[in-house]
Amino acid sequence: MTFGGEPQSQYTPTQFNQRPAYASALAQPTTYSPPAPVAPAPAPGIPALPVVVKHGRTVSLWLFGVLGLVLVALIAYFILALGVVASGVGLLLALIPLTLVFLGIRFIDRWEPEPKRLVIFAIAWGAIAAVALTLLVDILLTLLVGKLSEGFSSVIQAPVVEEIAKGLGIFIIFVVGKRAFDGPVDGVVYGALVAAGFAFTENIQYFGLSLIEGGGSQLTATFVMRGILSPFAHAMFTVLIGFAMGLAARRHASKSAVLGAGLLGLLGAILLHGFWNGSAMFADFLPLYITLQVPLFVGFIFAIVALRKEEARLTRERLGEYAAAGWFTPEEVTMLATPAGRKTGLNWAASLRGDRRPLMKQFIKEATALAAVRQRAITGRDPLAVDDERALLTRARATRAALLAY
């Protein structure tokens, strides 16, 4: 790895203050440098390890309370509109594509997992609030202008209203959990989670209606179309919003700038959503699906893989700066910040007395979080980064000691 075209080994910790130059467009120059390692102060017994500050990385319980109230109303709506049996069948079938999408999101999120409460909120917003807002707008439009044509509803109304409702949830996550929303990969994860929740509830309605209107044959056709051929459709649309917001967040943008970036992503999501729905309604779906939508999905996968590689590269670069300051060895950086190194480290930990893979996983998690904290410190967007850095350095050192203990 080189900094400004020169070997990293030529730099001392203080030189990071003088002439940093980073190759990635997602990283920014900084005058910030890691603290120098210090010897632990002697203390009787085993001191309690410091913890990372949760402020700005979680969701208030009152937001979950509001979602709970809306959920009650949605349950009543589905029972009245579809009945208990159709709603139950739709619910069970909707769990299948939700599981597929969630497994895909987990793969994306494995490098630096998001806080569990934010993950739950993202899914809940999509499944509850975004669906409720969409239904409310549909009811209001019907009352104001009457029943709209199916083509207009599918190609214009649904993409605009649904993507706005989902995008609003992503922006709320950025506002309340901005310390866990610091890059495009985070935005992709939150966008996909919101979309997965929305598609889950929408699928309950589609599957239930198909059972009522056409019995088992129509239900099967609908499930194949939505659950097998296009389970990731909503995620593909909405991640454009999350990606745009995450890219702005990585560059220390203000809330208004992140919102502006999100509006650009929203435009792309609406266009892609409208095109997808239009191809299903007005074109020969199967040929268009094979020749256009499948390649689009493949391109989406390649983009996600590229983002993950960039995140890994950035993690290695940030940890390399701590190595230059004496906190890690170069070999540890390779072990902690590369997929192959992590695999090797876990295999080695498994060979130790008592199988120390949990400790190695903890070491990897703390180091990855430390790299993210340093990136936030670089951009100046996190006033609590110094506290988190101190806590994570202490915890990582303690975890390493436990790994190497005889």
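The values are calculated or read from the model by the stated rules, or taken from the named source; none is laboratory data. Values in this document were obtained by computation on a predicted structure and should not be read as measured data. Cβ coordinates were reconstructed from backbone atoms using ideal geometry, including for glycine residues, and neighbour counts include every protein chain displayed.
Things to note:
- Checked across the stretch 269-276, the condition of being surrounded by 17 or more Cβ atoms within 10 Å (Cβ to Cβ), of a type outside the set (A, V, I, L, M) and not assigned by TED's automatic domain parsing to the domain that holds residue 149 holds for no residue.
- Any pair with Cβ under 6 angstrom, 6 or more apart, that starts in the stretch 93-114 at a residue that is in the same structural domain as residue 199 (by TED's automatic domain parsing) and ends at one that is surrounded by 19 or more Cβ atoms within 10 Å (Cβ to Cβ) and of a type in the set (Ser, Thr, Tyr): 112/368
Conditions (1) over 24 Å from residue 112 (Cβ atoms); (2) not aromatic (Phe, Trp, Tyr), marked per residue:
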site	(1), (2)
255	no, yes
267	yes, yes
289	yes, no
305	no, yes
317	no, yes
320	no, yes
355	yes, yes
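- Per-region count, the stretch 384-396, residues surrounded by fewer than 16 Cβ atoms within 10 Å (Cβ to Cβ) and among the basic types (Lys, Arg): 1
Matching residues to (1) at pLDDT below 95; (2) of a type in the set (Gly, Ala, Ser); (3) in a helix (DSSP H, G or I):
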position: 70; (1), (2), (3): no, no, yes
position: 90; (1), (2), (3): no, yes, yes
position: 98; (1), (2), (3): no, no, yes
position: 112; (1), (2), (3): yes, no, no
position: 118; (1), (2), (3): no, no, yes
position: 128; (1), (2), (3): no, no, yes
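- Subset of the stretch 283-297 [more than 17 Å from residue 221 (Cα to Cα) and surrounded by 12 or more Cβ atoms within 10 Å (Cβ to Cβ)]: 283, 288, 292, 293, 294, 296, 297
- Residue pairs whose Cβ atoms lie under 6 Å apart, sitting 6 or more positions apart in sequence or on different chains, and linking a residue in the stretch 277-295 that is touching a residue at least 40 places away in the same chain (Cβ under 8 Å) to a partner that is surrounded by 14 or more Cβ atoms within 10 Å (Cβ to Cβ) and of a type in the set (S, T, N, Q), are 277/154; 281/154.
- In the stretch 139-160, the residues that are assigned by TED's automatic domain parsing to the domain that holds residue 276 reach residues that are hydroxyl-bearing (Ser, Thr, Tyr) with C-beta atoms within less than 9 angstrom, at least six apart or across chains, in these pairs: 141/153; 147/153; 148/142; 158/134.
- Members of the stretch 134-162 found to be within 26 Å of the chain's Cα centre (by Cα) and over 22 Å from residue 95 (Cα atoms), listed by number: 158, 159, 160, 161
- Evaluated against (1) modelled with pLDDT of 95 or more; (2) crowded, with 17+ Cβ neighbours inside 10 Å; (3) within 19 Å of residue 172 (Cβ to Cβ), residue 207 falls short on exactly one condition, (3).
- Matching residues, the stretch 131-161, being surrounded by 15 or more Cβ atoms within 10 Å (Cβ to Cβ) and either modelled with pLDDT under 90 or of a type in the set (Gly, Ala, Ser) (or both): 132, 153, 154, 158
One line per residue, one yes/no per condition, for (1) touching a strand residue (DSSP E or B) at 6+ places or on another chain (Cβ under 7 Å); (2) farther than 19 Å from residue 54 by Cα; (3) basic (Lys, Arg):
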{"site": "350", "(1), (2), (3)": "no, yes, no"}
{"site": "357", "(1), (2), (3)": "no, yes, yes"}
{"site": "368", "(1), (2), (3)": "no, no, no"}
{"site": "373", "(1), (2), (3)": "no, no, no"}
{"site": "378", "(1), (2), (3)": "no, yes, no"}
{"site": "382", "(1), (2), (3)": "no, no, no"}
{"site": "385", "(1), (2), (3)": "no, no, no"}
{"site": "390", "(1), (2), (3)": "no, no, yes"}
{"site": "394", "(1), (2), (3)": "no, no, no"}
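- Evaluating residue 252 against the criteria (1) farther than 26 Å from residue 103 by Cβ; (2) not in a loop (DSSP other than H, G, I, E, B); (3) not hydroxyl-bearing (Ser, Thr, Tyr) leaves one unmet condition, (2).
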